[in-house]
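The values are calculated or read from the model by the stated rules, or taken from the named source; none is laboratory data. Every value quoted in this text rests on a predicted model; they were computed, and no experiment measured them. Note: ideal-geometry Cβ built from the backbone for every residue, glycine included; neighbour counts use all protein chains shown. Only protein heavy atoms, including side chains, enter the accessible area calculation; ligands, DNA and RNA are left aside. Shrake-Rupley method; radii C 1.70, N 1.55, O 1.52, S 1.80 Å.
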Amino acid sequence: MRHSHSRAIIDMEPVTTAAIRNIVRGLFHRRHDYGDYDLTDVAAELEELGVSSIKQLKLLMKKHRRAILMDERGRMSRAETLYLLAEFGPQGVDAHTNTSWFAIPGLVREALEKEFGWERVIGLHERQSGQDPAAYEPAANPGR
């Protein structure tokens with residue numbers, strides 16, 4: 001029987017909420033870790049889209065890291081910044097530069113969107129929540 005390395009054994013483990021948090025924390029800035037979000041929905045979305053091991057999640061997040069960070073650097077209008085501040089509070093929003101950043105679930109969902117496309121990720125979300133598809137049109141929902 002062939003001996004497996006410890007890293008290979010860990011990489012083959014299934015994706016859990018703790019694994020999602022640890023992987024994203026290791027790849028992105030500390031400021032992304034705000035709020036106490038439940039990651040069970042994110043883990044279910046990953047599983048349904050075929051990202052079932054820790055290694056697959058790491059590779060997915062590394063592949064799209066720069067693109068996600070570039071999306072975050074985009075400036076928002078002042079009205080959009082004020083709306084986000086009123087709706088979600090000061091976490092994740094910089095009112096001076098009119099920018100915002102994603103929390104951990106947002107980072108993973110952005111990577112899924114870049115890998116699998118907007119329609120597939122939103123379709124998956126609609127099936128899980130049973131919501132109206134028209135509410136998630138990209139043109140109707142320009143914010144994060």
**Prompt:** Regarding E126, is this residue in a helix (DSSP H, G or I), surrounded by 11 or more Cβ atoms within 10 Å (Cβ to Cβ) and modelled with pLDDT of 85 or more?
**Reply:** no
**Prompt:** So how many residues does segment 49-86 have that are loosely packed, with under 14 Cβ neighbours inside 10 Å and either touching a Leu at 6+ places or on another chain (Cβ under 9 Å) or in a loop (DSSP other than H, G, I, E, B) (or both)?
**Reply:** 5
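Of R109, R78, which residue is over 15 Å from the mean Cα position of the chain (by Cα) and either basic (K, R) or under 19 Å from P14 (Cα atoms) (or both)? Even if it seems obvious, please write down each step before you answer.
Details: R109 fails: over 15 Å from the mean Cα position of the chain (by Cα).
On inspection, the qualifying residue turns out to be R78.
Condition check ((1) modelled with pLDDT under 90; (2) closer than 30 Å to S100 by Cα) across all residues:
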| site | (1), (2) |
| --- | --- |
| I9 | yes, no |
| M12 | yes, no |
| V15 | no, yes |
| A18 | no, yes |
| N22 | no, yes |
| F28 | no, yes |
| D33 | yes, yes |
| D38 | yes, yes |
| V42 | no, yes |
**When residues of segment 7-48 are limited to those that are over 26 Å from V93 (Cα atoms) and not in a helix (DSSP H, G or I), the one most open to solvent (accessible area, probe 1.4 Å)** = M12
**Prompt:** List, please: which pairs have Cβ atoms under 9 Å, are six or more places apart or on different chains, and start with a residue in segment 94-117 that is touching a residue at least 12 places away in the same chain (Cβ under 8 Å) and end with one that is of a type in the set (G, A, S) and part of a helix (DSSP H, G or I)?
**Reply:** E110/A67; A111/A67; K114/A67
**Complete:** Within segment 107-119, of all residues that are farther than 22 Å from T17 by Cβ and in a helix (DSSP H, G or I), the one most open to solvent (accessible area, probe 1.4 Å) is E119
